[in-house]
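Heads up: the structure comes next, in structure tokens.
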Amino acid sequence: MSKEKELLFSITERDFVWSYSRGSGKGGQKRNKTESAVHCKHPPSNALGYSDETRSQHKNKRIAFEKCIATKEFKAWHKIEIAKHMGTHQIMVDKVEDMIRPKNLKVEIFKDGRWNSEESLLSISDSEEQNTGNL
């Protein structure tokens with residue numbers, strides 16, 4: 001019995017913005033006259049890929065695409081999209097929200113040449129208020 005994989009979503013060539021330019025470096029007259037360098041951008045993730053490694057635009061397009069999907073921006077976007085389609089996105093958002101609640105964060109402020117935690121600053125300000133009589 002084989003497990004079939006479910007396609008959550010697809011990414012096509014239309015999901016990317018392609019631009020072409022003249023490459024630099026070795027390659028002679030063909031390199032100087034043809035737009036063989038390829039820029040690949042994935043707007044939702046803001047991931048970029050570029051290739052001018054070969055004299056062939058077709059080969060450079062494939063290399064630029066592979067570089068684009070290998071970026072950390074694309075991988076992060078991809079994980080989020082998978083979570084959304086699997087229904088686990090909201091669970092992850094809730095976990096992150098819980099982790100960044102004030103009770104879980106430690107706040108330090110640089111004052112008078114040293115780092116002070118929020119609690120010590122509160123006790124300092126309380127003692128200053130008591131000294132001035134502004135309670």
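Are any residues in segment 9-31 at pLDDT below 75 and in contact with a helix residue (DSSP H, G or I) (Cβ under 6 Å, 6 or more places away or on another chain), and if so, which ones?
At the first step, the residues of segment 9-31 found to be at pLDDT below 75 are 23-31.
Across segment 9-31, the qualifying residue is only Gly23.
If the condition is being under 13 Å from Ser21 (Cα atoms), assigned to a loop (DSSP other than H, G, I, E, B) and not hydroxyl-bearing (Ser, Thr, Tyr), then segment 34-72 contributes Glu35, Asp52, Glu53, Arg55.
The values are calculated or read from the model by the stated rules, or taken from the named source; none is laboratory data. As the structure is a computational prediction, the values presented were derived from the model and not from experiment. FYI the Cβ positions are ideal-geometry reconstructions off the backbone, even for glycines, and counts take in every protein chain you see.
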